[in-house]
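Undergrad: Would you mind keeping the following structure in view while I ask a few things?
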Amino acid sequence: QVQLVESGGGLVQAGGSLRLSCVASRSIFSIAVMGWYRQAPGKQRELVANITTSGRTNYADSVQGRFTISRDNAKNTVYLQMNSLKPEDTAVYYCNALLRFIPTPSWGQGTQVTVSS
């Protein structure tokens, strides 16, 4: 098992930026994939971005060019830099991790991001 703790959410104006952090309770070397999902009220949870141990990244089309996912292995942390935020980015953002050889993913508690117009 791995515990994930997100932070960095908040209220920002459209066009602003936020940096989300996800700290894992174990070395992220043992985690095959880490990513960020988001869920707005009444909506399905959707993938925002993920990153593999090799550094390969994937982004939702809606955030391509605006968001950047990265990792700091020494700090067991994955980040999501969000620039040029739009009101439609408003959601609870969840950190996700898939451990090697364990098929069940882990989830953080979420951090609220609200973008006002």
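Undergrad: Suppose we keep only residues that are modelled with pLDDT of 95 or more and closer than 15 Å to residue 96 by Cβ within the range 17-30. Which one would you say is most open to solvent (accessible area, probe 1.4 Å)?
TA: Step by step, filter the range 17-30, then rank; the result is 23.
Undergrad: In addition: Of all the residues that make up the range 5-45, how many are assigned to a strand (DSSP E or B) and among the small types (Gly, Ala, Ser)?
TA: Result for the range 5-45: 6.
Undergrad: Criterion first (assigned to a strand (DSSP E or B), β-branched (Val, Ile, Thr) and under 17 Å from residue 107 (Cα atoms)) does residue 2 satisfy it?
TA: For residue 2, the condition - assigned to a strand (DSSP E or B), β-branched (Val, Ile, Thr) and under 17 Å from residue 107 (Cα atoms) - is not met.
Undergrad: Take the residues in the range 34-45 that are out of contact with any Phe, Trp or Tyr (no Cβ under 7 Å at 6 or more places or on another chain) and open to solvent by less than 40 Å² (accessible area, probe 1.4 Å); name whichever of them is nearest to residue 99 (Cα to Cα).
TA: Of everything passing the filter in the range 34-45, 34 is nearest to residue 99 (Cα to Cα).
Undergrad: Here is a further query. Looking for whichever is touching a strand residue (DSSP E or B) at 6+ places or on another chain (Cβ under 8 Å), at pLDDT below 95 and not hydroxyl-bearing (Ser, Thr, Tyr) here; the options are 115, 33, 78. Which one fits?
TA: 33 is the lone residue from the list that is touching a strand residue (DSSP E or B) at 6+ places or on another chain (Cβ under 8 Å), at pLDDT below 95 and not hydroxyl-bearing (Ser, Thr, Tyr).
Undergrad: Tell me whether the range 9-16 contains one or more residues that are among the β-branched types (Val, Ile, Thr) and either touching a helix residue (DSSP H, G or I) at 6+ places or on another chain (Cβ under 9 Å) or open to solvent by less than 50 Å² (accessible area, probe 1.4 Å) (or both).
TA: The answer is yes, given that some residue of the range 9-16 is among the β-branched types (Val, Ile, Thr) and either touching a helix residue (DSSP H, G or I) at 6+ places or on another chain (Cβ under 9 Å) or open to solvent by less than 50 Å² (accessible area, probe 1.4 Å) (or both).
Undergrad: In the set 48, 63, which member is buried (at least 16 other Cβ atoms within 10 Å of the Cβ), at pLDDT 95 or above, part of a loop (DSSP other than H, G, I, E, B) and of a type outside the set (Asp, Glu)?
TA: Step by step, each of 48, 63 is checked, and only 63 is buried (at least 16 other Cβ atoms within 10 Å of the Cβ), at pLDDT 95 or above, part of a loop (DSSP other than H, G, I, E, B) and of a type outside the set (Asp, Glu).
The values are calculated or read from the model by the stated rules, or taken from the named source; none is laboratory data. Keep in mind it's a predicted model, so treat the numbers as computed, not measured. Cβ atoms come from the backbone with ideal geometry, glycine included; neighbour counts cover every protein chain shown. Calculation scope for accessible area: heavy atoms of the full protein, side chains included, ligands and nucleic acids excluded. Shrake-Rupley method; radii C 1.70, N 1.55, O 1.52, S 1.80 Å.
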